[in-house]
Structures are given as structure tokens and as C-alpha cells.
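Undergrad: For reference, the structure I am asking about is given below.
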Amino acid sequence: MCGIVAYLGNQPAQPILIEGLKRLEYRGYDSAGVGLINDHTLNITKSSGRISVLESMLAKPNPVEILGIGHTRWATHGEPNTINAHPHLDYTGKIALAHNGIIENYTALKTFLIGKGCTFQSQTDTEVIANLIGYLYSNPDGKDCPHENLNRFEWAVQHALNELVGTYGLALVCTDFPDMLIGAKKGSPLILGLGKNEYIIASDAAAIVQHTTQVIYLSDNEMVTITPKGFSTKTIDNIEIHKEMKQLEFSLDAIELDGFGHFMLKEICEQPKALTTCLGGRLDMRDNRIILGGISNYWREITRAKRIIINACGTAWHAGLIGEFLIEQLARINTETQYASEFRYRNPIIEDNTIIIAISQSGETADTLAAVEQAKERGALTLGIVNVVGSTIARTTDTGVYLRVGPEIGVASTKAFTAQVAVLAMLAIELGRRRHLGSEQAKFYIDELSKIPSKIEQVLALSEDIKKIAEATCERENWLFLGRGFNYPVALEGALKLKEISYIHAEGLPAAEMKHGPIALINNGMPAVFIATRCSQYEKIIGNIEEVRARGGRTIVVANQGDENIKQYADFLIPVPEVPEELQPMVTVVPLQILAYHAAVLRGHDVDKPRNLAKSVTVE
Ligand code: G6P
């Protein structure tokens, strides 16, 4: 979703902002803009569409413009046009800001400000923040401004932030303070990068890592003021605070294409390596145990759980559903998977011995975060399964496990999904081990887990064959994805992948449910993807395939290598290595990722920037 980059240093800000905005493109956006301070004037350039359009509108970088703010906007309030793009100026023309998040009381504030004579240009909630700060800055109403440790700009920012209801990550400048940059955060991530005589504020580490790996993560209700002399951090209630410096744990290479056409393809192909890192040092083959350092102090509590509720959104929710099946099967603990967006508004029942697991690649999804906060308030232990180190969910949960797969840039999540399932499998095995799962059974699953990376490697080798299937089918506008048991969530994920990037309508279902409605959709040649590996419901799913074929559907079947029997049922066959049923999703999902990728490319879509989608959904 929206992205912020702001710079104050010793180089022209413009190219640094543009480069930073390009690094944030993957998050999803529909317009962009930059604001540069030149002495006591502000030069703002904005456009709808791609960063390249904005770039073409900019003059040559000016060496005196060493302070600036930039933004990529994903529209919430107001259509994605140039006026609604950020930075937004206040009505006096002195204050400019870039904002991520949503201001919930913007209507009341707007009415108040219009009453005071402020004018508005855009339909955004953000302009209310600019005007409120501008109004307070120009009319302090006799309040105690400034405090000793604040100038008038900082005071106005603090005062305004205390009036806001909602979420914000903000970068702000004021023409009266041409060497001052302010950042503030509540509910939307904001990171301060500390370079050599230069500072970058960004909503995502991807925009910082090229310049420095030393960062400070702002927490909610905190702000930072930066000048060429240094920076200071305070709460928005004006209490000075010391923030610890952290090291970013990934390098620039991790966010480069490295010869691949798209990040999605790069990340699909990275899965063997990513899973090896995810599993590395965590499989204790000697004692048949799982070592998850992050949660080692919480096992007692987790093992006693009477109920586990998994909260997540999107692809992470599909991983959660597999986790539910795994935990119930291997650890025999009552587990359910909830959409975080629903859970948070359901007045959920959380009794003693309930554990909440939150799964999130980004660690910033607003609904998942809200679900965690609510569960914590109600006394549950919260456990995060998160990829982005230092992200809000990682810091908010009581304990957790990192995926360790490196940055995921492709909007369609791939390597994070397989790693989420791997972590859930490890959790389920160790939980089972601590309850009733015998050493030999645990050994079996641990051995099999360790073989998953090489099995995924075998599936990756099928990419060209899968491309041919995509060529033969991708013009069809309606697809079904069907699986049973552990492969049912894989069917959901396969359908989501296809929808997200190729804009084909696809429905994922437990195969038996097809008879209760969707079978009516099947017409001549409609593609139906079956995940029909050898498992406890193999015979049943064969029956489902026959039902589709009898009605003229065209079947694409993911089956096990060497399964001769299934050939007769498949118009297209994708043979994958055999894996125990419980661990199959990590392997069976890979051909579906590849299929969706090729279909989208063949249909001419920008795989890494699918329309309307955002990588990290930081608004509810
Ligand atoms: C967005 C992304 C999906 C992702 C979902 C949850 O919709 O486009 O790929 O699965 O958010 O994101 P999270 O970061 O919480 O896993």
C-alpha cells in the first residue's frame, strides 16, 4: 500500500526519493509525488500512474535541494488522481506532508477547519492533517506554544497528532524550517535510516537498505525531528525518549531481480533455498525434536493450550488453514483459523489456555495486527509467524517464529507461503512431541521435512511443461481449483494466485463441495485443476475428477510421479514427488504458483504490480 520516503542529507534529495519510491512500487500504488525544499520554498510534483511518469515531469536534480519527502499512494479516500496524490500542502502553503494510514475523524476535523477559513483542494483525509497543522502553526490560540524543547513547527505537529483518530505514518516539512524533517507514527510503520551525515525516513526498509543498514524503528505515538545537526525522538506528548539502533538483516541483493523477469518468478525459484534457511538449525535429527529459539520460553504455556486460534489474511490465511489441520492431526489440539478482519469484530470468546497465532508475511497487515491487540487485551498468549524482522506484528506478539526467507517483493506471495507452512509443520511436530507424538513418528516427519527443498527443486524443473499447459488454457475466463484434506487449502491458494495476477476468475473449493453448486458452472472445456496426490482421499478425488470430465470440463491434474492410474483422468498432468500427506502442500502448491505466473505473463499482465492490489494492506 502507500509508501513514504523522505531524505535529509548532503546529496540532492530528488534522485534518492525517486529511487526509494521505485523500491516501494511493489507494495502497490496508483499515484506518486515528491516535495523538495529549496531555501524557503517548496517544489511539489505529483502525478497519477507510475513513478516513471512522475520522473519524466521532474527537472534536473538541484544540488541545493537536500531535503524532501516522497510518497506512493494507494487510494482510500478520493480517486487516484494528481490532486489527491501526496505530498499534501496546508492552506498556507508552508507545510507539506506524506501520509500512510487513515484518519477516521477527518470529517469532523474538516468541518472545524472549514469553519476557521481553511480551504481544501483534495478529497483525501490526509489534507486534514496538513491543514490542522497549518492552522495550529499560524493560530496557536494562545496555547503554551512553544515548549522549551520545541519549535513552533514541532509543536503544531504534536498538537495536531493528539487530535487525530486513526492511523498514520508521516513525513513532514515546513518552509520556515528549511533544514528540518519530521517523522511520526501510529499504526503505520515508519523507520529512520541513519547514514553518514544523511537520514532517510521510510515506511519500508527496502527504501533504506541501499543507503544504510542502521535503523531505528519508531513505535506508535512517537515522532522524530531531524536536522543536519542530528535527530531527537519524543512521544507525541513531548516526552523525550531514547531509541535503540538496530541492524537491517538483509542486503540490497535480496531486493534486486538478479536476472529474473519478475520478482514473483525469482521468489518461486528461491523456494528450495528459502525453505532450507527456514528449516536450518531447527530440525534436531538426533533427538527428533524441533528447536524454535524464539518461543523456547513459552512451550509450557503453548503445550497446555486447550484451543488455538489462527488469525491471518489472504495467502497467510491459507497457510493458517493448513496449520489448523497440522496441529489438530499431529498435536490433537482444537484449532481454528479465522479471517483477522472478521475475528476482530466478532467479540471473540477467548478463555484461559487459548493461544492466538498470527501469521503475516509483512507483519503489518492492519486487521491481523488488530486481532493480535484484541487477543492480548483479552489475556491470550499471542504468537507471531512473521517474515519481516522488526515489523509491528513481530514486535506486538508475545513470542514468535520468523520465516527467515528474506524480503518478498512479488505481490503474489509464494516463498512466504511455503515457509509459513513449514513453520506451522515444525510447530505442530514439536507440540505433538510434547504431548503424545512418539519419537519415531516425529523422526519420520522431521526427515520428510528436511527433504522438502529438494522435492520443490524437482517441481521447478517442470516450469516449461507447465507453461505449455498455461498456453493451452489461459484464454479461459473461469477456472475451478479442487482438492481434499491437506490439499484443499492448496486449491484455495492456487485459485487466489491465478486471480491475483492473471485476472482470471477462479474458485478454490474442497472437491466434494463442488456438487453443492459450482458443478453447475462446468461447461465445455472449463479448466478444473485437481490436486490429486496419493493421500487418504485419493479414491474420492478420482471420483470428483470423473464428475467434472463427464460434464465436459478440462482437467489439469497435479498427481504423484509414477501414478499411472491417474493418467486416464487428466487432460494435462503435472507429476510431483511423493510427500507424506501432512507435508504435501509445500510441494503441491508450487506447480500452481508456476501455472498462475505463466498464465499472467501470457495474458500480458505486469505480474509484480497487479492492478488494485497491495503487498501489505495497512488499512482495514
Ligand atoms: C495482501 C497481499 C497478499 C497477502 C495478504 C496478507 O493482500 O497481496 O499476498 O497474503 O495481504 O499479508 P501478510 O503480510 O499479512 O501476510
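The values are calculated or read from the model by the stated rules, or taken from the named source; none is laboratory data. All values reported here derive from a predicted model rather than from experimental measurement. Don't worry about glycine lacking a Cβ; one is built from the backbone with ideal geometry, like all the others, and counts go over all protein chains shown.
Undergrad: Any idea which residue in region 347-378 is surrounded by the fewest Cβ atoms within 10 Å (Cβ to Cβ), counting only those that are touching a residue at least 40 places away in the same chain (Cβ under 8 Å) and polar (S, T, N, Q)?
TA: If we take residues in region 347-378 being touching a residue at least 40 places away in the same chain (Cβ under 8 Å) and polar (S, T, N, Q), then Asn353 is surrounded by the fewest Cβ atoms within 10 Å (Cβ to Cβ).
Undergrad: Please identify the pairs in which a residue from region 212-235 that is at positive phi has its Cβ atom under 9 Å from the Cβ atom of a residue that is in a loop (DSSP other than H, G, I, E, B) and acidic (Asp, Glu), counting only partners at least 6 apart or on another chain.
TA: Between residues of region 212-235 that are at positive phi and residues that are in a loop (DSSP other than H, G, I, E, B) and acidic (Asp, Glu), the close pairs are Asn221/Asp237.
Undergrad: A further question on this structure: If I ask for residues that are over 26 Å from the mean Cα position of the chain (by Cα), closer than 25 Å to Ser616 by Cβ and not in a strand (DSSP E or B), which ones from region 29-59 would you list?
TA: Answer for region 29-59, where residues must be over 26 Å from the mean Cα position of the chain (by Cα), closer than 25 Å to Ser616 by Cβ and not in a strand (DSSP E or B): just Glu55.
Undergrad: Consider Ala371 against the criteria (1) away from the ligand (no atom under 12 Å from the Cβ); (2) at pLDDT 95 or above: it satisfies all of them except one. Which criterion is unmet?
TA: Every listed condition holds for Ala371 apart from (1).
Undergrad: Continuing with this model, one more query. Take Ala394 and decide whether it is part of a helix (DSSP H, G or I) and either within 22 Å of Gln593 (Cβ to Cβ) or assigned by TED's automatic domain parsing to the domain that holds Leu218 (or both). Talk me through it step by step, then tell me what you get.
TA: Details: part of a helix (DSSP H, G or I): yes; either within 22 Å of Gln593 (Cβ to Cβ) or assigned by TED's automatic domain parsing to the domain that holds Leu218 (or both): no.
Here the answer is no, as Ala394 does not meet what is asked.
Undergrad: Taking the criterion of being within 23 Å of Ala614 (Cβ to Cβ) and in contact with a Phe, Trp or Tyr (Cβ under 8 Å, 6 or more places away or on another chain), would at least one residue in region 342-355 satisfy it?
TA: No, region 342-355 contains no residue that is within 23 Å of Ala614 (Cβ to Cβ) and in contact with a Phe, Trp or Tyr (Cβ under 8 Å, 6 or more places away or on another chain).
Undergrad: Take the conditions within 16 Å of the ligand (Cβ to nearest atom) and outside the structural domain of Thr76 (by TED's automatic domain parsing) and apply them to Ala596. Does it pass?
TA: Taking the combined requirement at face value, the residue satisfies it.
Undergrad: Additional query: Among the residues of region 310-329, which ones are farther than 18 Å from Arg282 by Cβ, more than 16 Å from the ligand (Cβ to nearest atom) and among the β-branched types (Val, Ile, Thr)?
TA: Answer for region 310-329, where residues must be farther than 18 Å from Arg282 by Cβ, more than 16 Å from the ligand (Cβ to nearest atom) and among the β-branched types (Val, Ile, Thr): there is none.
Undergrad: Given the conditions (1) small (Gly, Ala, Ser); (2) closer than 19 Å to Ala96 by Cα; (3) surrounded by fewer than 19 Cβ atoms within 10 Å (Cβ to Cβ), report the number of the one that Ser56 does not fulfil.
TA: That leaves (2) as the condition not met.
Undergrad: In region 54-65, what residues are in contact (Cβ under 8 Å) with a residue 12 or more places away in the chain and more than 20 Å from Leu89 (Cβ to Cβ)?
TA: Glu55, Pro61, Pro63, Val64
Undergrad: So, one more: Is it the case that Ala59 is of a type in the set (A, V, I, L, M) and under 29 Å from Val388 (Cβ atoms)?
TA: no
Undergrad: Can I ask one more? What do you reckon, is Glu351 outside any loop (DSSP other than H, G, I, E, B), outside the structural domain of Val490 (by TED's automatic domain parsing) and either within 12 Å of the ligand (Cβ to nearest atom) or touching a strand residue (DSSP E or B) at 6+ places or on another chain (Cβ under 9 Å) (or both)?
TA: Against the criterion (outside any loop (DSSP other than H, G, I, E, B), outside the structural domain of Val490 (by TED's automatic domain parsing) and either within 12 Å of the ligand (Cβ to nearest atom) or touching a strand residue (DSSP E or B) at 6+ places or on another chain (Cβ under 9 Å) (or both)), Glu351 does not qualify.
Undergrad: With respect to the numbered conditions (1) crowded, with 24+ Cβ neighbours inside 10 Å; (2) within 11 Å of the ligand (Cβ to nearest atom), which one is the sole condition not fulfilled by Ser341?
TA: (1)
Undergrad: Here's a check for you: in region 167-193, which residue that is touching a helix residue (DSSP H, G or I) at 6+ places or on another chain (Cβ under 9 Å) and part of a loop (DSSP other than H, G, I, E, B) is surrounded by the fewest Cβ atoms within 10 Å (Cβ to Cβ)?
TA: Filtering region 167-193 for residues that are touching a helix residue (DSSP H, G or I) at 6+ places or on another chain (Cβ under 9 Å) and part of a loop (DSSP other than H, G, I, E, B), the one surrounded by the fewest Cβ atoms within 10 Å (Cβ to Cβ) comes out as Asp176.
Yes/no matrix, rows are residues, columns are (1) within 16 Å of the ligand (Cβ to nearest atom); (2) closer than 28 Å to Ser341 by Cα; (3) outside any loop (DSSP other than H, G, I, E, B):
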| residue | (1), (2), (3) |
| --- | --- |
| Ala506 | yes, yes, yes |
| Thr533 | no, no, no |
| Thr555 | no, no, yes |
| Leu592 | yes, yes, yes |
| His605 | yes, no, no |
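Undergrad: Those residues that are free of Cβ contacts under 8 Å to residues at least 60 places away in the same chain and in a loop (DSSP other than H, G, I, E, B), I need them from region 1-28; list them, please.
TA: Pro12
Undergrad: Something else about it: So is Pro591 buried (at least 22 other Cβ atoms within 10 Å of the Cβ) and either touching a Pro at 6+ places or on another chain (Cβ under 8 Å) or modelled with pLDDT of 95 or more (or both) or not?
TA: yes
Undergrad: Among the listed residues Leu383, Leu369, Leu326, which satisfies the condition of being part of a helix (DSSP H, G or I) and under 29 Å from Ser439 (Cβ atoms)? Reasoning before the result, please.
TA: Working: Leu383 fails: part of a helix (DSSP H, G or I); Leu369 fails: under 29 Å from Ser439 (Cβ atoms).
Selected residue: Leu326, the only one of Leu383, Leu369, Leu326 that is part of a helix (DSSP H, G or I) and under 29 Å from Ser439 (Cβ atoms).
Undergrad: For region 83-110, enumerate the residues that are of a type in the set (Gly, Ala, Ser) and either closer than 21 Å to Gly49 by Cα or touching a residue at least 24 places away in the same chain (Cβ under 8 Å) (or both).
TA: Within region 83-110, Ala85, Gly93, Ala96, Ala98, Gly101 qualify.
Undergrad: Any idea which of (1) away from the ligand (no atom under 15 Å from the Cβ); (2) in contact with a Lys or Arg (Cβ under 8 Å, 6 or more places away or on another chain); (3) polar (S, T, N, Q) is the one Thr399 doesn't satisfy?
TA: Every condition holds for Thr399 apart from (2).
Undergrad: Which is assigned to a helix (DSSP H, G or I), within 16 Å of the ligand (Cβ to nearest atom) and either touching a residue at least 24 places away in the same chain (Cβ under 8 Å) or crowded, with 24+ Cβ neighbours inside 10 Å (or both), of Ala428, Ala422?
TA: Working: Ala428 fails: within 16 Å of the ligand (Cβ to nearest atom).
The match here is Ala422.
Undergrad: In this structure, is Glu464 over 16 Å from Gln271 (Cα atoms), part of a helix (DSSP H, G or I), of a type outside the set (Val, Ile, Thr) and touching a helix residue (DSSP H, G or I) at 6+ places or on another chain (Cβ under 8 Å)? Give the steps one after another, and end with the answer.
TA: Working: over 16 Å from Gln271 (Cα atoms): yes; part of a helix (DSSP H, G or I): yes; of a type outside the set (Val, Ile, Thr): yes; touching a helix residue (DSSP H, G or I) at 6+ places or on another chain (Cβ under 8 Å): no.
No: the conditions fail for Glu464.
Undergrad: Right, another one. Does Asp220 satisfy being exposed (fewer than 15 other Cβ atoms within 10 Å of the Cβ) and acidic (Asp, Glu)? I'd like the intermediate steps shown before the answer.
TA: Numbers: exposed (fewer than 15 other Cβ atoms within 10 Å of the Cβ): no; acidic (Asp, Glu): yes.
Taking the combined requirement at face value, the residue does not satisfy it.
Undergrad: Cβ-Cβ below 8 Å, separation at least six or inter-chain, first residue in region 608-620 and among the polar types (S, T, N, Q) and near the ligand (Cβ under 9 Å from one of its atoms), second at pLDDT below 85 and assigned to a loop (DSSP other than H, G, I, E, B): which pairs?
TA: As it stands, the answer is Ser616/Met1, since those pairs meet every condition given.
Undergrad: Here's a follow-up. How many of the residues in region 282-294 are under 30 Å from the mean Cα position of the chain (by Cα) and at pLDDT 95 or above?
TA: Matching residues across region 282-294 total 5.
Undergrad: So, in region 147-166, of the ones that are polar (S, T, N, Q) and surrounded by fewer than 21 Cβ atoms within 10 Å (Cβ to Cβ), which residue ends up farthest from Tyr91 (Cα to Cα)?
TA: This residue is Asn149.
Undergrad: Condition first: among the basic types (Lys, Arg) and under 24 Å from the mean Cα position of the chain (by Cα). Now tell me which residues in region 323-357 satisfy that.
TA: Arg344, Arg346 - these are the residues of region 323-357 that are among the basic types (Lys, Arg) and under 24 Å from the mean Cα position of the chain (by Cα).
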